[in-house]
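These notes are about the structure you will find just below.
The values are calculated or read from the model by the stated rules, or taken from the named source; none is laboratory data. A quick note: this is a predicted structure, and the numbers were derived from the prediction, not measured. For neighbour counting, all protein chains shown are included, and Cβ atoms are generated from backbone atoms with ideal geometry for every residue, glycine included.
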């Protein structure tokens, strides 16, 4: 290793995040990026598994840039409060693919902020309980909902240990071409699947995080920024006791 | 083409009934402003498209959602992109607005059109 040995973890993660941002201009990766820039013409395979690492020490309390970016990317911000609904109800029921969660250690008082979204489990409980097969895991590890077969029963919302899914209660007037969504279906983070299939290398939340707290990549590629960071530093799966092998991991939780 | 003008006539007659009910109060699409208007045929011969377009789209939706294949001639986004018309002001008119490409036939045939409960009715660029 040519890395200095006294490098602390925070500096390393900063560097890793920098690498993730720089891959676009690095010559080798750039070529690959161009090769993949066209829409996919072959089926996804399990040669890759997409995942994320979130460094909670960098995640700033009160910042919601990732949430806004997610809303914009997927058209969630185009939805308006239904007529007659109270602010309280709307706040409770409006679709959110990323939730801002604040944890407080009652013994020490230490507060941790983190974005909580679909954890893209290897063994997803939402898929287990879905009666129609609408909730499924793609070969590349993305857990998503096939809205064509979703009947809106919301079993998956009950089954998810992370409260990651939302239900659309009202007609959606405005939607984007890339993210079709409508009344009566459950939805959640799909790791910007439209970007995955069109050759993109980042997610909207990662691009938006000015603190560099989110590293996205292929967990099966030992050279990816996310794999390198995970190999070097302690990470946890939230509710690791459930043995779901989540694709989204956290540090310092 | 005779058939199409028949639809138009019927729709003109029906427009009075539908006025005010549509979700989007845009102007009416102008004939010839869609990309498809300038082409001889769609991705398959016209007769096939009229009879079986839903089979193409239905097959494609499963392939796209489950296998991530987006490079295709048969995507619904492609249909909308090509068939969306513009009104007199140059603004795109949703394909499911009364009398527009999708709704025109579906209303006439009495076949419900569920695609646009979720899918965008005009290209949004992303």
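For the reader, a short list of remarks on this structure follows.
- Residues of segment A:151-161 that are surrounded by fewer than 21 Cβ atoms within 10 Å (Cβ to Cβ) and either within 7 Å of another protein chain (Cβ to nearest Cβ) or at negative phi (or both): A:151, A:153, A:155, A:157, A:158, A:159, A:161.
- Helices (runs of 4 or more DSSP H) fully within segment B:20-121 counting 1 or more residues that are surrounded by 18 or more Cβ atoms within 10 Å (Cβ to Cβ), touching a helix residue (DSSP H, G or I) at 6+ places or on another chain (Cβ under 9 Å) and touching a residue at least 40 places away in the same chain (Cβ under 8 Å): B:76-83, B:101-109, B:115-118
- Some residue of segment A:152-159 being touching a helix residue (DSSP H, G or I) at 6+ places or on another chain (Cβ under 7 Å) and in a loop (DSSP other than H, G, I, E, B): no
- A residue that is over 30 Å from residue B:63 (Cβ atoms) and either in a helix (DSSP H, G or I) or at pLDDT 95 or above (or both) occurs nowhere in segment A:29-44.
- Restricting segment A:194-207 to residues that are part of a helix (DSSP H, G or I), in contact with a helix residue (DSSP H, G or I) (Cβ under 9 Å, 6 or more places away or on another chain) and within 13 Å of another protein chain (Cβ to nearest Cβ) leaves a set whose member that is nearest to residue A:47 (Cα to Cα) is A:197.
- Here residue A:122 meets each of (1) within 14 Å of another protein chain (Cβ to nearest Cβ); (2) in contact (Cβ under 8 Å) with a residue 60 or more places away in the chain; (3) under 21 Å from residue B:65 (Cβ atoms); (4) within 17 Å of the chain's Cα centre (by Cα) with one exception, condition (1).
- Within segment A:95-116, restricting attention to residues that are touching a helix residue (DSSP H, G or I) at 6+ places or on another chain (Cβ under 8 Å) and in a loop (DSSP other than H, G, I, E, B), the residue that is surrounded by the fewest Cβ atoms within 10 Å (Cβ to Cβ) is A:95.
- Scoring residue B:123 on the criteria (1) at the interface with chain A (Cβ under 9 Å from one of its Cβ atoms); (2) farther than 15 Å from residue A:178 by Cβ leaves a single failure, condition (2).
- For segment A:190-200, the criterion of a residue being crowded, with 19+ Cβ neighbours inside 10 Å and over 19 Å from residue B:120 (Cα atoms) is satisfied by at least one position.
- Among the candidates A:225, A:229, A:134, the residue that is more than 13 Å from the chain's Cα centre (by Cα) and at the interface with chain B (Cβ under 10 Å from one of its Cβ atoms) is uniquely A:134.
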